[in-house]
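The values are calculated or read from the model by the stated rules, or taken from the named source; none is laboratory data. If you're wondering where the values come from, they're calculated on a predicted model, not measured in any experiment. Cβ atoms come from the backbone with ideal geometry, glycine included; neighbour counts cover every protein chain shown.
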Amino acid sequence: MAQTRTVVQATNDPPRVLLGALDPILRVGIARALMEGGAAVVDHATEPDALVARAAESLPDAVVVGPTPSGLCARLRLAAPAATVVVWRGDEEVIEVLTPGTSAPRVVPAPAAERLHGELFGRGNDEGEICPAT
């Protein structure tokens with residue numbers, strides 16, 4: 001069973017983000033925006049199996065992925081149950097935000113780079129339609 005980060009770690013460390021299956025230029029832009037916002041990008045992986053393994057090892061606070069193969073979000077949630085999973089769709093117009101304890105993602109407009117950190121860590125706009133679970 002996956003471990004969770006301790007309260008001491010969560011309050012002293014910057015939010016930790018794992019990136020996966022993103023276009024290289026988009027990955028660089030997202031990593032930069034997150035680091036400028038105070039988050040730590042802990043790793044990235046392009047293959048689904050490697051991403052799930054890294055999520056289980058690093059126990060990030062969030063995982064940001066590109067358009068995902070079927071079942072990847074569920075596997076990431078099992079590997080890192082306390083992580084928020086964000087799917088940045090190929091059209092980059094909207095993102096799906098799947099927070100721990102929810103069964104369906106919120107679909108929200110893709111945030112500008114300066115708002116990405118807030119959207120990932122609970123300071124974004126909570127308005128948005130709920131899309132059906134896939």
Residue check, Ala62 surrounded by 21 or more Cβ atoms within 10 Å (Cβ to Cβ), among the hydrophobic types (A, V, I, L, M, F, W, C) and without any contact (Cβ under 8 Å) to a residue 60 or more places away in the chain:
yes
Within the stretch 100-126, restricting attention to residues that are part of a helix (DSSP H, G or I) and surrounded by fewer than 18 Cβ atoms within 10 Å (Cβ to Cβ), which residue is modelled with the highest pLDDT?
Gly118
Pro60 versus (1) modelled with pLDDT under 95; (2) in contact with a Pro (Cβ under 9 Å, 6 or more places away or on another chain); (3) over 18 Å from Arg106 (Cβ atoms): which is the lone unmet condition?
(1)
Any residue at all in the stretch 76-89 that is surrounded by fewer than 20 Cβ atoms within 10 Å (Cβ to Cβ) and in contact with a strand residue (DSSP E or B) (Cβ under 6 Å, 6 or more places away or on another chain)?
no
Scanning the stretch 21-42 residue by residue, those β-branched (Val, Ile, Thr) and surrounded by 14 or more Cβ atoms within 10 Å (Cβ to Cβ) turn out to be Ile30, Val41, Val42
Does the stretch 89-99 contain at least one residue that is free of Cβ contacts under 8 Å to residues at least 24 places away in the same chain, closer than 15 Å to Leu120 by Cβ and in a loop (DSSP other than H, G, I, E, B)?
yes
